[in-house]
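Presented below is the structure to which this report refers.
Coordinate-derived values only; no laboratory data. This is a predicted model, so every value here is computed, not measured. FYI the Cβ positions are ideal-geometry reconstructions off the backbone, even for glycines, and counts take in every protein chain you see.
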Amino acid sequence: MPRFFMDTVSGPEAVLSGENARHIAKSLRMQTGQSITLCDGKAHDYLGEIVEISDETVRVKIREVQECLSEPHVKVTLCQGIPKSDKMDWIVQKAVELGVFQIVPTLTSRCISRPCEKSAHKKVQRWQKISRQAAQQSGRGIIPEVTEFTTLKHAAADGKGQKILFYEGGGEPLSTAVDAESSDITIYIGPEGGFSPDEVQLIKEADGCAATLGPRILRTETAPLTALTAIMLLTGNLQ
């Protein structure tokens, strides 16, 4: 069933406009009487039926409200070392599909990509749009936030719940590092050059730990997706 996010949904009817309406009318070519799901971004699904449609507006009659069942019970924040080129686009899209709660673009000592403030803000806007599209496609109940750029020092201090840095130099097996009962986990992934020993120590001093994803060295765009998949499995969110 087609799914669309709205800022607010209240009352027996909802009206979609702008890009959403144009997509429904022109791309999907939906008709009156067809079913559609609206989501308020707070994990509530509104099951409805299209009762009126034009190129610019779509009116939906709400028939049922239910809790979105696709949201994991663990909130995973991904602090991702800024990679080169457009790798972050891929990381954001796939991390959202896998259930990430928040993505924090993080500057580390070995980041090659260091955009200026204006360029960084534009990148975040693009990544947030990618997050919205991925959340809509994958049936999420929220749109994961992509924050503004930050430093690893601030990401370490602001991390919630368990803090796990994935280090190619070794660490705890992920199966023992992850508490299956955790409600919040913050993970740290390095850029192409990985983390320096000082950065590993920084996370440890912030009550975090270093963990490994196995004996193979994973690319910066592969590591977060592997880590997220494993965490979802270990916490019972991939069944």
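Per-structure values
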read-out	value
Amide N proximity, the range 19-37 versus residue 137 label position 7 Å along Cα-to-Cβ, cut-off under 16 Å	28
Peptides 221-231, 106-116 ordered by average Cβ neighbours within 10 Å, highest first	221-231, 106-116
Fully extended contour minus Cα-Cα distance, from residue 218 to residue 57, at 0.36 nm per residue	53.4 nm
Relative packing of 18-31, 138-151, which averages over residues the other C-beta atoms within 10 Å, highest first	138-151, 18-31
CD proxy at 222 nm, helix term only [per DSSP H run n ≥ 4: -39500 (n - 2.57); per residue of the chain; nearest 500]	-9000 deg cm²/dmol
Degrees separating the helix 117-138 axis from the principal Cα axis of the chain, which is the longest one	60
C-alpha center-to-center spacing [the range 74-118, the range 23-65] in angstrom	32
C-alpha center-to-center spacing [the range 200-235, the range 163-182] in angstrom	6
Under 5 Å, built H, 5+ apart or other chain: amide partners of residue 44	68
The range 3-67, Rg to Rh (Cα coordinates; Rh as Kirkwood inverse mean 1/r)	0.93
3J(HN,Hα) from dihedral phi, the range 64-71, Karplus parametrisation 6.51/-1.76/1.60, rounded to Hz, x for glycine, proline	7, 10, 8, 6, 5, 9, 8, 7
Per principal axis, descending, Cα span of the chain in whole Å	60, 40, 29
Relative contact order of the chain, defined on C-alpha pairs under 8 angstrom at six or more residues apart (%)	20
Paired Rg and Dmax values of the range 150-239, which use every Cα atom, in angstrom	12.3, 37
Separation in nanometres of the label points that stand 7 Å from Cα toward Cβ, at residue 172 and residue 89	3.7
Simple label model, 7 Å out from Cα along Cβ direction - residue 27 to residue 129, nm	1.2
Whole-Å semi-axes of the ellipsoid equivalent to the range 109-178 (Cα gyration tensor, √5λ, descending)	25, 21, 12
For residue 5, residues with placed amide H under 5 Å, excluding near neighbours	39
